[in-house]
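**Q** What follows is a single structure, and I will ask about it in a moment.
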Amino acid sequence: MAEFSGYIAIDEVYDGPFCVLSLVDNRTFKRVRYRVLDHDPSHKDILYFVCGFKAILTQRGLTLKGITTDASPLYPLPLSLAFPDVPHQICEFHILKELTKAIVRAVAQVRKKLVATKPTAKRGRPSTKEAKRTVARRKRLQQKIADLFEHRYLFVQHTLTPTQRRTLHHITRGMPKLRTFRDIMEEVYRLFDRRCRTDTALAKLALLRRRVRRFKEVGKILGKLQSSNLDKALTFLDDKLFPSTSNAVERGNRRHRKMQKTVYRVRSEENITNRIAMDMLRDSQKDGRTSTIETLHKTRAKKKTPL
């Protein structure tokens, strides 16, 4: 806690019948507090967990400036009770992930509709002009469907090169609805620009929601755009030091999963608790270990240098 930045990230990871609650400094990427449960967490468990951390802050005279979590419904209520005046940021990555999934699903639905409109052709070589036109139209639709599947990432990619934009323009020719999907995604990315303030981003979001509401089909598909979590994901814009994602705690969870997979197979609450404690002890000694390794490397280099 000597290098506590004031910004934390909270998340949970499930390990068999157990659940590990982790609280990590969101700028130094160091785990500060954890708790192992033998059941799924509830609001009461989260409140007890964060209140214990609040007592530590009070004891040390430290101030909490911001909290980042994912879009789980576990955290808003306990955090509002324990830290009513602290900004709560929803992880930008989780919000964008849900929106990109919605866009990709929308493109998949368009492909399915194109498949349904493919004309049926008789078997064998076409002999009449009508049959030839039917086969040609069927091939064009099949090529359009294949292009939409192959280049579906262009609808959600953050930035596009001029070549990619030409490709997107080509495969969406005659389909303005698909171009609307790309326009909406670009507007969403603009919301998270650090040069904006939260109020400005919220005004842009309100305008985007009104725009989407006019397209009934798009509005139904992109229901995620109406979520209140998207508003909370823009909280970080008013603070340049406020991390927009919960990557710090997610990284610790990934390390825990890898550790559990490679170290042992028999899991118990006591072993998990001790293993995380040892991991935290290793993190606390990381700076000294790094300086020791650098000193050893310099000493070996001096010994190898010829006189």
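The values are calculated or read from the model by the stated rules, or taken from the named source; none is laboratory data. Being a predicted model, the structure only gives us computed values, none of them experimental. Here Cβ is always computed from backbone atoms with ideal geometry, including for glycine, and neighbour counts include all displayed protein chains. Just so you know, the surface numbers come from the protein's heavy atoms only, side chains and all, with ligands and any DNA or RNA stripped out. Shrake-Rupley method; radii C 1.70, N 1.55, O 1.52, S 1.80 Å.
**Q** Using θ = phi - 60° and the Karplus relation 6.51 cos²θ - 1.76 cosθ + 1.60, list the HN-Hα couplings for the range 152-158 in order, rounded to whole Hz, with x at every Gly or Pro.
**A** 5, 5, 5, 6, 10, 5, 5
**Q** Treating only the Cβ atoms of Lys and Arg (+1) and Asp and Glu (-1) as charged, compute the dipole magnitude of the range 109-165 about its Cα centre; round to the nearest 20 debye. Before the final figure, lay out the partial values.
**A** Numbers: 17 positive and 3 negative charges, 96 e Å.
Roughly 460 debye, rounded to the nearest 20.
**Q** Continuing with the same structure: For the range 245-257, in order, what is each residue's ³J(HN,Hα) by Karplus, 6.51 cos²θ - 1.76 cosθ + 1.60 with θ = phi - 60°, in whole Hz (x at glycine and Pro)?
**A** 10, 9, 4, 4, 6, 5, 5, x, 5, 5, 5, 5, 4
**Q** Provide the solvent-accessible area of Lys97, counting protein heavy atoms only and rolling a 1.4 Å probe, rounded to the nearest 10 Å².
**A** 90
**Q** Taking amide H atoms as placed 1.01 Å from N in the peptide plane, list the residues 5 or more away in sequence, or in a different chain, whose amide H sits under 5 Å from that of Asp11.
**A** Excluding prolines and chain starts, which carry no amide H, the hits are Ser22.
**Q** Tell me the accessible surface of Glu294 in square angstrom (1.4 angstrom probe, heavy atoms of protein chains only), to the nearest ten.
**A** Answer for Glu294: close to 100 Å² accessible.
**Q** Could you sort Ser284, Ser72 by accessible area so the largest value comes first, with the probe set to 1.4 Å? Could you put the intermediate results ahead of the total?
**A** Numbers: Ser284 75, Ser72 25 Å².
Accessible-area ranking of Ser284, Ser72, largest first: Ser284, Ser72.
**Q** As a check on your grasp of the helix formula, calculate [θ] at 222 nm for the chain: sum -39500 (n - 2.57) over DSSP H runs of n ≥ 4, divide by the residue count, round to the nearest 500.
**A** My calculation for the chain gives -19000 deg cm²/dmol from helical runs alone.
**Q** About the Cα centre, and with charges only on the beta carbon of Lys, Arg (+1) and Asp, Glu (-1), how big is the dipole of the range 111-267? Nearest 20 debye, please.
**A** 1220
**Q** Further, regarding this structure: For helix 269-284, what angle does its Cα long axis make with the longest principal axis of the chain, in degrees from 0 to 90 and rounded to 10?
**A** 80
**Q** With the Cα gyration tensor of the range 144-231 giving a ≥ b ≥ c as the square roots of its eigenvalues, does the rule (a/c under 1.5 for rounded; else a/b larger than b/c for prolate; else oblate) give rounded, prolate or oblate? Display every interim value, and only then the final one.
**A** Numbers: a/c = 2.53, a/b = 1.54, b/c = 1.64.
The shape class here is oblate.
**Q** Out of all DSSP beta bridges with both ends in the range 1-128, state the antiparallel percent to the nearest 5.
**A** On the way: 14 of 20 bridges.
In the range 1-128, approximately 70 percent of DSSP beta bridges are antiparallel ones.
**Q** Between the helical axis of 176-191 and the dominant principal axis of the chain, each derived from Cα atoms, what acute angle in degrees is found, rounded to the nearest 10?
**A** Value to nearest ten degrees: 20.
**Q** With every protein chain left in place and a probe of 1.4 Å, what is the accessible surface of Leu47, to the nearest 10 Å²?
**A** Its accessible surface works out to 50 Å², give or take rounding.
**Q** Restricting the count to DSSP beta bridges whose residues both fall in the chain, what percent are antiparallel, rounded to a multiple of 5? List each step's numbers first, then the result.
**A** Values: 14 of 20 bridges.
Taking every DSSP beta bridge with both residues in the chain, the antiparallel ones total about 70 percent.
**Q** Let me ask you something else. Using θ = phi - 60° and the Karplus form 6.51 cos²θ - 1.76 cosθ + 1.60, what ³J(HN,Hα) does each residue of the range 95-111 get, whole Hz, x for Gly and Pro?
**A** Rounded to whole hertz, the list is 5, 5, 5, 5, 5, 5, 4, 5, 5, 5, 5, 5, 5, 5, 5, 5, 4.
**Q** Rounded to the nearest 0.05, what FRET efficiency do Glu294 and Ala2 have when you use their Cβ-Cβ distance and R0 = 25 Å? Show your work: numbers first, answer last.
**A** Working: r = 22 Å, r/R0 = 0.87.
That pair, Glu294 with Ala2, gives E of 0.70.
**Q** Additional query: Under the rule of at least 5 residues apart or a separate chain, name every residue whose amide H is placed under 5 Å from the amide H of Arg33.
**A** For Arg33, whose amide H was placed from the backbone, the distant partners under 5 Å are Leu23.
**Q** For Cα extents along the principal axes in Å, pick the label among (i) 78, 55, 48; (ii) 91, 46, 36; (iii) 84, 62, 45 that corresponds to the value derived from the coordinates.
**A** After the calculation, the listed value that fits is (iii).
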